[in-house]
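J.: First the structure, then my questions, so here it is.
The values are calculated or read from the model by the stated rules, or taken from the named source; none is laboratory data. From a predicted model like this one, the values you see are computed outputs, not experimental measurements. Cβ atoms come from the backbone with ideal geometry, glycine included; neighbour counts cover every protein chain shown. Just the protein is used for accessible areas: all its heavy atoms, side chains included, with ligands, DNA and RNA removed. Shrake-Rupley method; radii C 1.70, N 1.55, O 1.52, S 1.80 Å.
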Amino acid sequence: MNQLAVLFQRFTPRQKFIIAAVSAAALTALILLVTVFNKPSYGILFSNLNEQDASKIVQSLKEKSVPYSLEDGGKTILVPKQQLYELRLDLASSGLPNQSLIGYEIFDRTNFGVSDFVQKVNYRRALEGELSRTILNLDEVEGVRVHIVSPEKALFKEDEKPTTASVVLKLKTGKPLRRDAAQGIAHLVASSVEGLESENVTILDTRGNILSETNRQNSLASLTSTQYELQQKVETYLASKAQSMLNSALGMGNSVVQVNAELDFRRVERNSELYDPEKTAVRSEQTSEDKSVLRDSLPPSTHSNSVTNYEVNKTVEHIIENVGNVKRLSIAAMVNDKSVTKEVNGEKSTEYKPRDPQEMSQLEEIVKKAVGFDSQRNDDISVVNVSFREDTNDGLLTNNTTNDNMQNLIVKIVLALAMITAIVIVRSLLNKVKFKVQVRNSQWSDDVDQDVNESGALKGKTLHLPPVEEEISEEVLLKTQRKEQIADYIKKNTDDATRLIKVWLADDVQV
């Protein structure tokens, strides 16, 4: 301890401050490490819980004296990992979490004396709970409430009211509900409730935004949206067929095809009756005979009368035309010039020449066959030869190359500045310790005449270290001897020492 005390006293105040700061930082880091490693590792017991289930689970954990942690506003419960699966099984046996939804398990217990009205209400609650559980399986849905309204049956059909339903969804953050998913929920609810149509299902989120299609299936807005989608699909399908044919014949990037389809969305029902007078058929024939007696000696006379009814051929037709038939097509296609490779003086070059009319006519026939061109529908087609500009691509490549070169140049400049800054800093540090390095690398004389008198002055005697200090490291001894030599030098050469200090201060100011 005495040696440590003597050694600590030899340090400068700055060195003492650094040692104290490093020791405090090391102690703090050690405490943090011990705290982190001794802290139990937690895992997620349940997440996305509602308030009712979370409160029940927390109460159960408190009764079992199990440490827990709450996150995500109380929706996520964390417990020690070594007890995670055991707690899940234990809580599952208690029916937790039950998501506060009651399904068909409401009928597990038979209650005698229950009225028919209560049974209907329980059935509706069970159906709503089962639908909610099914909808919760969607990735975008975090919470759901389902309400079903089944009106009483009326005596007359016209007095009956339709069954309706409403679904309130709580969507997860960053996951909007897709349109097809909303329609799927509507059809799911409609298919699960007797007498419910999908257009009578209203779906909205917790912000009040309606997510379902409120328009009837036969309404104008619904048909307009469907018609637009159908037209896009037809145009894309026909254009892709023609484009694939041209790509096979000309190569990729040498043709562009666009198709505009005019569809007939009229819903036509026709009833027709056609009569053909030339084609007749016997429908019925009636023959009658009359007998008359003239005299007793003469036989009676007989008169026959025949009536034949004919039916004229008649054809009755009830025709319903399909919706979305193609009324007219307009096809536009652009074809690139033909590339010709020539060799001049041993160097190959590519030239582009317009295609001849015969080849353009063949390409036009290919496009017609691909899209189903019909002249009776007044379809229109235009296939033209256009020279595609390749210099545009070259310009883009040049611009990208220029940008890359600029980025590389900026990176090189930043690296060069960083290297120069590092060199300046290192040089300034070397200038500060230059004198110390020279003293350290110099050979010290074995016989150093120094002694300490009562006033602390040095006088020429050989240095003899006490036995206790012999155990101190050479570096400490070297620093001690260096300080003594510097003090002796300053005492003997005051002017030179003053100039040397001025030089050091000037170097510090420049740095």
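J.: Looking only at the range 496-511, filter to residues that are among the β-branched types (V, I, T) and modelled with pLDDT of 75 or more; which one of those is least open to solvent (accessible area, probe 1.4 Å)?
T.: Filtering the range 496-511 for residues that are among the β-branched types (V, I, T) and modelled with pLDDT of 75 or more, the one least open to solvent (accessible area, probe 1.4 Å) comes out as T498.
J.: Restricting to the range 304-357, what's the tally of residues that are surrounded by 10 or more Cβ atoms within 10 Å (Cβ to Cβ) and part of a loop (DSSP other than H, G, I, E, B)?
T.: 8
J.: For the range 247-274, which residues satisfy the criterion of being part of a strand (DSSP E or B) and surrounded by 10 or more Cβ atoms within 10 Å (Cβ to Cβ)?
T.: Result: S255, V256, V257, Q258, V259, N260, A261, E262, L263, D264.
J.: Among the residues of the range 49-66, what is the count of those that are outside any helix (DSSP H, G or I) and surrounded by 15 or more Cβ atoms within 10 Å (Cβ to Cβ)? Let's see the steps before the verdict.
T.: Of the residues in the range 49-66, the ones outside any helix (DSSP H, G or I) are 49-50, 64-66.
If we keep only those that are surrounded by 15 or more Cβ atoms within 10 Å (Cβ to Cβ) too, we end up with 49-50, 66.
Number of matching residues: 3.
J.: Search the range 83-138 for residues being of a type in the set (V, I, T) and in contact with a Lys or Arg (Cβ under 8 Å, 6 or more places away or on another chain), and hand back the single one that is farthest from A182 (Cα to Cα).
T.: Across the range 83-138, the extreme among qualifying residues is I106.
J.: Quick check: anything in the range 370-379 part of a strand (DSSP E or B) and open to solvent by less than 80 Å² (accessible area, probe 1.4 Å)?
T.: No, because not a single residue in the range 370-379 is part of a strand (DSSP E or B) and open to solvent by less than 80 Å² (accessible area, probe 1.4 Å).
J.: If you don't mind, there's one more thing I want to ask. Determine if the range 103-115 includes at least one residue that is open to solvent by less than 100 Å² (accessible area, probe 1.4 Å), outside any helix (DSSP H, G or I), touching a residue at least 40 places away in the same chain (Cβ under 8 Å) and within 30 Å of H147 (Cβ to Cβ).
T.: No, the range 103-115 contains no residue that is open to solvent by less than 100 Å² (accessible area, probe 1.4 Å), outside any helix (DSSP H, G or I), touching a residue at least 40 places away in the same chain (Cβ under 8 Å) and within 30 Å of H147 (Cβ to Cβ).
J.: Okay, next question. Kindly indicate whether S198 is part of a loop (DSSP other than H, G, I, E, B), modelled with pLDDT under 90, open to solvent by less than 30 Å² (accessible area, probe 1.4 Å) and farther than 24 Å from D379 by Cα.
T.: no
J.: Would the range 410-433 turn up any residue that is modelled with pLDDT under 80, part of a loop (DSSP other than H, G, I, E, B) and closer than 30 Å to A497 by Cβ?
T.: There is at least one residue in the range 410-433 that is modelled with pLDDT under 80, part of a loop (DSSP other than H, G, I, E, B) and closer than 30 Å to A497 by Cβ.
J.: When L89 is evaluated against the numbered criteria (1) open to solvent by 100 Å² or more (accessible area, probe 1.4 Å); (2) under 19 Å from V167 (Cα atoms), which criterion, by number, is the only one it fails?
T.: With (1) open to solvent by 100 Å² or more (accessible area, probe 1.4 Å); (2) under 19 Å from V167 (Cα atoms) applied to L89, the lone miss is (2).
J.: Every residue in the range 116-147 that is part of a strand (DSSP E or B) and either among the charged types (D, E, K, R) or open to solvent by 70 Å² or more (accessible area, probe 1.4 Å) (or both), please.
T.: E142, R145, H147
J.: A follow-up question, please. Does S150 satisfy being open to solvent by 40 Å² or more (accessible area, probe 1.4 Å), among the small types (G, A, S) and either out of contact with any Ser or Thr (no Cβ under 6 Å at 6 or more places or on another chain) or closer than 30 Å to A182 by Cβ (or both)?
T.: yes
J.: State the number of residues belonging to the range 201-238 that are modelled with pLDDT of 90 or more, of a type in the set (D, E) and open to solvent by 60 Å² or more (accessible area, probe 1.4 Å).
T.: Residues that pass the stated criteria total 0.
J.: Could you give me the residue pairs with C-beta distances under 9 Å whose first residue belongs to the range 172-188 and is open to solvent by less than 40 Å² (accessible area, probe 1.4 Å) and assigned to a helix (DSSP H, G or I), whose second residue is at pLDDT below 80 and not aromatic (F, W, Y) wherever it lies, and which are 6+ apart or on separate chains?
T.: Pairs that qualify, where the first residue is open to solvent by less than 40 Å² (accessible area, probe 1.4 Å) and assigned to a helix (DSSP H, G or I) and the partner is at pLDDT below 80 and not aromatic (F, W, Y), are A182/E213; A186/E213.
J.: Follow-up. Within the set of pairs 6+ apart or on separate chains, which have a first residue in the range 495-511 that is part of a loop (DSSP other than H, G, I, E, B), a second that is open to solvent by less than 80 Å² (accessible area, probe 1.4 Å) and modelled with pLDDT under 75, and C-beta atoms under 9 Å apart?
T.: Filtered contacts from the range 495-511: V511/S428; V511/N431.
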